[in-house]
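In what follows, a single structure is set out as structure tokens and then discussed.
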Amino acid sequence: MGEMNDKEIEDLLKAHDIRLTANRILIARTLAGLDYPISMKELESKIQTIDKSNIFRTLLLFKDHHLVHQLEDGNDVVRYELCFSHDVEEDDDMHVHFYCEHCQHTFCLGEISAPQVDLPPGYKQLSINYMVKGFCPKCAHRYYIKG
């Protein structure tokens, strides 16, 4: 995702109708600095100045305002990543994630959009959790491509 300065973080929060607080800015900045989805436990260890319940409530608020994606990684762990949706009402940044069966890491493949799903009448899509499972390049090369 890349580093974002405080003004960019504040602008992103405002664009998603989220009131600015020091904790929300810190959580958003931490998520922005990662290039992979992070678990609640990992986020807690990165941000030791905010208690677990406050981090959790903030992540739920961010999810409700389409500022984070919440996904399960195939290892029964819920992970979060900053979303760069341009709409507070709808997530236009849904993309593919990859779970490596060997090293058990989850990768964000932001350059690959999640495929459109045509739902039957009456259904309303809120999000997509599109997870591809297999072997990451490092594990595939190390363990499965002998040469």
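The values are calculated or read from the model by the stated rules, or taken from the named source; none is laboratory data. Only a predicted model underlies this, so the values are computations on that prediction, with no experimental measurement involved. Cβ placement follows ideal geometry from the backbone for every residue including glycine, while neighbour counts extend to all protein chains displayed.
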For E101: the one exception among (1) surrounded by 12 or more Cβ atoms within 10 Å (Cβ to Cβ); (2) at pLDDT below 85: (2)
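This table checks each residue for (1) hydroxyl-bearing (S, T, Y); (2) crowded, with 19+ Cβ neighbours inside 10 Å.
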residue	(1), (2)
N5	no, no
A22	no, no
L31	no, yes
Y36	yes, no
S39	yes, no
T58	yes, yes
E72	no, no
In region 125-147, residue surrounded by the most Cβ atoms within 10 Å (Cβ to Cβ) [restricted to those that are more than 26 Å from L31 (Cα to Cα) and either modelled with pLDDT of 85 or more or hydrophobic (A, V, I, L, M, F, W, C) (or both)]: A140
Every residue from region 67-83 that is in contact (Cβ under 8 Å) with a residue 12 or more places away in the chain and in a loop (DSSP other than H, G, I, E, B): L67, D73, G74, N75, V77, C83
Pick from region 104-119, criterion among the hydrophobic types (A, V, I, L, M, F, W, C) and under 17 Å from Y80 (Cα atoms), ranking: surrounded by the fewest Cβ atoms within 10 Å (Cβ to Cβ): L109
Scope region 1-40; condition without any contact (Cβ under 8 Å) to a residue 24 or more places away in the chain and of a type outside the set (D, E, K, R); matching residues: N5, I9, L20, T21, A22, I25, T30
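Quickly run through region 41-56 and pick out the residues that are closer than 23 Å to M94 by Cβ and crowded, with 17+ Cβ neighbours inside 10 Å.
Residues of region 41-56 closer than 23 Å to M94 by Cβ: 42-43, 56.
Within region 41-56, L43 is the sole residue that qualifies.
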Selection count, region 51-82, where residues are at pLDDT 85 or above, out of contact with any Lys or Arg (no Cβ under 7 Å at 6 or more places or on another chain) and of a type in the set (V, I, T): 3
